[in-house]
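Beneath this line is the structure, given in structure tokens, with notes to follow.
The numbers here are math on the coordinates, done by the rules we state, and not lab data. A quick note: this is a predicted structure, and the numbers were derived from the prediction, not measured. No Cβ is skipped: glycine too gets one built from the backbone with ideal geometry, and neighbour counts run over all protein chains shown.
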């Protein structure tokens, strides 16, 4: 399978410093920032700095260092935001992929949402 990465997507522009963001955490391989249109009291996006379209693309092609950094960055964002199970009441982590997943930006990202009960994610069709 081929993953076509569009280097003009909004997250690529954020990584290049062309668009400002409200950074929550930056590591060697990852960037976390506040969503412009938060859907919960905590709504942070976490993206790898590499050109990956989706999680399966990332898991297949990223280096071990990138994978570990990204995974730990997600955990650190949850800790910083106080939504871990030890500090809060939990969180939801969402990553959409492709048209069926309603992915709007073709750069891997996870949404960390928390700070209130979020309800069910999907209703039965």
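Residue-level analysis places residue 5 among those that are in contact (Cβ under 8 Å) with a residue 12 or more places away in the chain, surrounded by fewer than 17 Cβ atoms within 10 Å (Cβ to Cβ) and assigned to a loop (DSSP other than H, G, I, E, B). The residues on offer are 42, 86, 71, 60, and the sole one that is in contact with a helix residue (DSSP H, G or I) (Cβ under 6 Å, 6 or more places away or on another chain) and either within 24 Å of residue 119 (Cα to Cα) or without any contact (Cβ under 8 Å) to a residue 24 or more places away in the chain (or both) is 42. When the test is whether a residue is closer than 23 Å to residue 22 by Cα, in contact with a helix residue (DSSP H, G or I) (Cβ under 9 Å, 6 or more places away or on another chain), surrounded by 14 or more Cβ atoms within 10 Å (Cβ to Cβ) and free of Cβ contacts under 8 Å to residues at least 60 places away in the same chain, residue 76 does not pass it.
Rundown of residues vs (1) closer than 20 Å to residue 15 by Cβ; (2) surrounded by 14 or more Cβ atoms within 10 Å (Cβ to Cβ); (3) over 15 Å from the mean Cα position of the chain (by Cα), yes/no style:
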{"site": "42", "(1), (2), (3)": "no, yes, no"}
{"site": "47", "(1), (2), (3)": "yes, yes, no"}
{"site": "56", "(1), (2), (3)": "no, yes, no"}
{"site": "66", "(1), (2), (3)": "yes, yes, no"}
{"site": "69", "(1), (2), (3)": "yes, yes, no"}
{"site": "83", "(1), (2), (3)": "no, yes, yes"}
{"site": "86", "(1), (2), (3)": "no, no, yes"}
